[in-house]
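First up is the structure itself, then whatever we jot down about it.
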Number of protein chains: 2
Amino acid sequence: MSNPCIICVAITGSLPTKENNPAVPITISEQIESTQEAFEAGASIAHCHVRDEAGKPTSDPDRFARLKEGLEKHCPGMIVQLSTGGRSGAGKERGGMLSLSPDMASLSVGSNNFPTRVYENSPDLVDWLASEMITHDVKPEIEAFDLGHIVQATRMAADGRLKGPLYVQFVMGVKNSMPADEPIFDFYIETLKRLAPDAQWCAAGIGPAQLKINEWSIAKGGHTRT
Amino acid sequence: MSNPCIICVAITGSLPTKENNPAVPITISEQIESTQEAFEAGASIAHCHVRDEAGKPTSDPDRFARLKEGLEKHCPGMIVQLSTGGRSGAGKERGGMLSLSPDMASLSVGSNNFPTRVYENSPDLVDWLASEMITHDVKPEIEAFDLGHIVQATRMAADGRLKGPLYVQFVMGVKNSMPADEPIFDFYIETLKRLAPDAQWCAAGIGPAQLKINEWSIAKGGHTRT
Ligand SMILES: [Zn+2]
Ligand SMILES: [Zn+2]
Ligand SMILES: [Zn+2]
Ligand SMILES: [Zn+2]
């Protein structure tokens, strides 16, 4: 198979707590253990968030460093992707871990609504995060919450603000943002391929959309996140 | 013709100044005069912003009231659409003119990036503006800067937060937001018709995109803004 299916495991995320689900790995050692299980089951990318002592999302570079080191030791060959998402910090704090030169980091290139707030990724911050990724040789995973984010990523790749080939994740199922809609999913793929023929994509469904999105991704040739 | 072409004229907008273009109407009486010319030339909707004494965009309900009154007198039968856009105020200020019960008002239902900043339309503010439009019997023109905004409008119409039939404007050509792209334009129409079959649409191209967008709108059966 020339385009093997990459399985991407999102450990922890930024929202769930032990109260929601006692099985959620929160400490660094719990995260490493849980990722190792997924790695042994075939996952090849670990999408990582970290928490502080109180269990709150943080961008603390020291915690990211410990997680990265543990994953490199226990999951040799696994691709470590650190989140620069907005739930864990504000402004340039969000990119403080990029100097660790992880294999990959997530990158939002536009703004959109989330269930109760605006997910703010100002043009300046986006450009700064992208330039840090070039400096530290980090491959971005573009988090596309809307069609315009896919288009913006292709423009940034075309003018050198992002290093190609692009790797884009379609995110669907967040309230007040794009729902899981199959014609739109198909158009995402079509538009990405039209504007950046060498791009690769994966997709993540949030909440009840997760299984549907995984099925579509596998059927349509993308990578999946579990 | 069962679906006559509605021509929508945007007088002034929120950005141009007399320094950019001495012909831009800024005072209320200049705006009324200029709209009357467009009305006599066939425009049927006036999309209105107002400026303060210093020429800065404002949401001042008194100024909107004077403009609305003048337009009703000089352009009888013309549809008056007041802007609730984010350049002229913050938070609920943006909806202060809705109690004037204009025929229409613009409404953004999502957030996106603008050339140098985030265009913030938080879920709470969107819902409040929409409810004010229902209270004061104002027909919204949805300003869609991305595909997700079209989808969100159809969800709001389906659950009663917006009164149908929807009237959606596709906005293209704003830097860092959706460019003028014909396959995407076509998909906007297709998606709107699929999710809200009774919806109508118009389109606005910003800057150099204006003529192209007008051509596409006319060719594909939408209303146009000049
Ligand atoms: Zn992924
Ligand atoms: Zn994440
Ligand atoms: Zn219009
Ligand atoms: Zn406007």
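Readers should treat all values here as calculations from the given coordinates under stated rules, not as data from a laboratory. Computed from a predicted structure; not experimentally measured. Cβ atoms come from the backbone with ideal geometry, glycine included; neighbour counts cover every protein chain shown.
Once R0 is set to 35 Å, what does the formula 1/(1 + (r/R0)^6) return for the Cβ-Cβ distance between B:Glu93 and B:Asn21, expressed as a FRET efficiency to the nearest 0.05? Let's see the in-between values first.
Details: r = 27 Å, r/R0 = 0.77.
Between B:Glu93 and B:Asn21 the formula returns 0.85.
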I'd like the antiparallel share, as a percent to the nearest 5, of DSSP beta bridges with both residues in the stretch A:7-225. 15 percent
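Give the percent of DSSP beta bridges with both residues in the protein assembly as shown that are antiparallel, rounded to the nearest 5.
Percent antiparallel among DSSP bridges in the protein assembly as shown is about 15.
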Note on the stretch B:95-148: alpha-carbon gyration tensor, axes a ≥ b ≥ c; rule is a/c under 1.5 for rounded, else prolate if a/b larger than b/c, else oblate; result prolate
Within 10 Å of each Cβ in A:108-120, how many Cβ atoms from other chains are there, averaged over the peptide? 6
Just grab the label-to-label distance for B:Glu72 and B:Asp103, each label 7 Å out from Cα along the Cβ direction, in nm (one decimal). 1.3 nm
How large are Rg and Dmax for the stretch A:7-225 when only the alpha carbon atoms are used, in Å? 16.2, 46
The long-range amide H neighbours of B:Ala180, using H built 1.01 Å from N in the peptide plane and a cut-off of under 5 Å, are B:Gly173
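Suppose every Lys and Arg Cβ carries +1 and every Asp and Glu Cβ carries -1, with no other charges. What dipole size does the protein assembly as shown come out with about its Cα centre, to the nearest 20 debye?
Dipole size: approximately 60 debye.
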Subset of B:Lys68/B:Lys175; A:Lys163/A:Lys193; B:Lys163/B:Lys212; A:Lys68/A:Lys139; A:Lys212/B:Lys163 violating a 19 Å alpha-carbon distance limit: B:Lys68/B:Lys175; B:Lys163/B:Lys212; A:Lys212/B:Lys163
For B:Ser111, residues with placed amide H under 5 Å, excluding near neighbours: A:Asn113, B:Asn121
Taking a label point 7 Å out from Cα toward Cβ, give me the nm distances from B:Ala90 to the same spot in the other copies, shortest first, one decimal. 1.2
Label points for A:Gly164 built 7 Å along Cα→Cβ; distances to same position in the other copies, nm, shortest first, come to 4.2
Among rounded, prolate and oblate, which fits the protein assembly as shown when a ≥ b ≥ c are the square roots of the eigenvalues of its C-alpha gyration tensor, a/c under 1.5 means rounded, and a/b larger than b/c means prolate? prolate
Nm distances between copies for A:Glu37, ranked from closest, using label points 7 Å along Cα→Cβ: 7.2
Quick one: Cα centre-to-centre distance for the stretch B:181-226 and the stretch B:25-65, in angstrom? 25 Å
Treating only the Cβ of Lys, Arg, Asp and Glu as charged (+1, +1, -1, -1), what charge dipole size does chain B show about its Cα centre? Round to the nearest 20 debye. 200 debye
